[in-house]
Amino acid sequence: MNSFDIIKTVRLTEKGTIQAEKGNAYTVVADRRATKLQIRRAVQELFKVKVLRVNTMHVGGKARRKNTKHAGFTSDWKKAIVTLKAGDKISLT
């Protein structure tokens, strides 16, 4: 897998914005098969920053219903909270 396959997107949420301001931590959506080391290398390569720590978790899909009586499910995904060295930041705009 290359870096673009490992890191899918950076999540922009209220909680993530607070984490970025206070703790210099960013939330990224990663490939479900990626390890912490692969995520670290991909973030450093794509955003040209120094990563101090990577915390990961699997997020289960939710039941969703769209104009039918039968519910479907959203996909499971992997969340990675990446803490950067002081002074580094990921530009989200």
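For the range 9-47, which residues satisfy the criterion of being touching a residue at least 60 places away in the same chain (Cβ under 8 Å) and closer than 17 Å to S75 by Cβ? Talk me through it step by step, then tell me what you get.
Our first condition is that a residue be touching a residue at least 60 places away in the same chain (Cβ under 8 Å); within the range 9-47, this holds for 10-12, 19-20, 23-24, 26.
Answer for the range 9-47, where residues must be touching a residue at least 60 places away in the same chain (Cβ under 8 Å) and closer than 17 Å to S75 by Cβ: just R11.
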Taking L92 and the conditions (1) of a type in the set (A, V, I, L, M, F, W, C); (2) over 15 Å from I7 (Cα atoms); (3) in contact (Cβ under 8 Å) with a residue 40 or more places away in the chain; (4) surrounded by fewer than 13 Cβ atoms within 10 Å (Cβ to Cβ), which numbered condition does it fall short on, given that it satisfies the others? (2)
Within the range 61-75, is even one residue aliphatic (A, V, I, L, M), out of contact with any Phe, Trp or Tyr (no Cβ under 7 Å at 6 or more places or on another chain) and surrounded by 15 or more Cβ atoms within 10 Å (Cβ to Cβ)? no
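Just to be sure I understand, how many residues within the range 51-75 are more than 19 Å from Q38 (Cα to Cα) and either among the charged types (D, E, K, R) or assigned to a strand (DSSP E or B) (or both)?
Of the residues in the range 51-75, the ones more than 19 Å from Q38 (Cα to Cα) are 60-75.
Checking the rest, the ones that are also either among the charged types (D, E, K, R) or assigned to a strand (DSSP E or B) (or both) come to 62-66, 69, 72-73.
Total meeting the criteria: 8.
For the range 3-37, what are the residues that are part of a loop (DSSP other than H, G, I, E, B) and either touching a helix residue (DSSP H, G or I) at 6+ places or on another chain (Cβ under 8 Å) or basic (K, R) (or both)? Give the derivation first.
Taking the range 3-37 first, the residues part of a loop (DSSP other than H, G, I, E, B) are 11-13, 24, 31-35.
Result: R11, D31, R32, R33, A34.
Read the figures in this text as sums done on the coordinates, not as results from a lab. Quick caveat: nothing in here was measured; it's all calculated off a predicted structure. Ideal geometry is used to build each Cβ from the backbone, glycine not excepted, and the neighbour counts take in all protein chains shown.
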